[in-house]
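Reviewing the structure listed below.
The values are calculated or read from the model by the stated rules, or taken from the named source; none is laboratory data. Because the structure is predicted, anything quoted here is derived from the model rather than measured. Positions of Cβ are generated from backbone atoms using ideal geometry, with glycine treated the same way; all protein chains shown enter the neighbour counts.
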Amino acid sequence: MIRLSCLVFSLLLAGLPSVGHAQSAQVAFGDSQQDSNLPVEVVSEVLNVNENDGTAIFTGNVIVGQGEMRLWAPRVEVIYKQDQSGIESLHATGGVTLVSGEDAAEAREADYNIDTGMIEMEGEVLLVQGPQTLTSDKMVVDTRAGTAQMTGRVKTVLQPQQQQPQD
C-alpha cells in the first residue's frame with residue numbers, strides 16, 4: 001500500500017511541470033505586445049562608431065528604450081543593416097536588465113533582433129513577475145507575442161493558495 005501511495009504521489013508530481021526543476025517553461029512577458037518597428041532610443045556615457053563594420057558601441061550606464069520596453073546594461077553593441085537603413089540587432093553585455101510592463105528580467109547578456117522582435121537572454125536568467133520568480137539558463141522573449149520561453153534548469157517555487165477566512 002505504501003508503494004502504491006508513493007507511485008501515485010510521484011505520478012502527480014510528474015504532471016506538474018513547474019514544480020522544482022523543469023527543462024522548459026512558457027510564460028507571459030510584458031503587459032502587451034511590443035511593436036519592434038518603433039524607434040530605438042539609446043542613452044550612454046560613451047559612443048564609439050566603427051563605419052568599417054557598421055557597428056556602434058555604447059558604454060557606461062546604457063539605457064535602450066523602445067515603446068514601453070527598457071533595457072539597461074554597461075555595454076551595448078548596435079549592429080546596423082548592411083545598407084545602413086536601420087538597426088539589425090543589439091548585443092548587451094555585462095549584466096542586463098530588461099523591463100516590460102510589470103515584468104523584469106536579468107541576465108549576463110542579451111541579444112535583440114529588431115526585425116523579428118526576439119530577445120535572447122543568457123546566463124543566470126532571473127524573471128520577476130509580481131510575487132513570482134523564475135530562474136533558468138536562457139530565456140527567449142517574443143516581444144510581438146508578449147511571451148517568453150525559459151530553458152535550461154528552469155526553477156520556480158510555487159506557493160499554495162491561501163484560504164480566505166470565512167465570516
Which of the residues spanning the stretch 42-88 are in contact with a Ser or Thr (Cβ under 9 Å, 6 or more places away or on another chain) and polar (S, T, N, Q)?
-> Ser44, Asn48, Thr59, Asn61, Gln66
Would you check which residues across the stretch 113-167 are basic (Lys, Arg), over 11 Å from the mean Cα position of the chain (by Cα) and in a strand (DSSP E or B) and list them?
-> Arg153, Lys155
Residue check: is Glu41 more than 18 Å from Val140 (Cα to Cα), in contact with a Gly (Cβ under 6 Å, 6 or more places away or on another chain) and at pLDDT 95 or above?
-> no
Restricting the stretch 82-95 to residues that are more than 24 Å from Phe29 (Cβ to Cβ) and polar (S, T, N, Q), the residue that is modelled with the lowest pLDDT | Gln84
Flagged in the stretch 96-143 as touching a Leu at 6+ places or on another chain (Cβ under 9 Å), at pLDDT 95 or above and under 21 Å from Asp53 (Cβ atoms), in numbering order, are Ala110, Asp111
Candidates Ile79, Ile63, filtered to the one that is in a strand (DSSP E or B) and modelled with pLDDT under 95 | Ile79
Kindly list the number of the only condition in (1) without any contact (Cβ under 8 Å) to a residue 60 or more places away in the chain; (2) of a type outside the set (S, T, N, Q); (3) within 17 Å of Pro74 (Cβ to Cβ) that fails for Ala105.
-> (1)
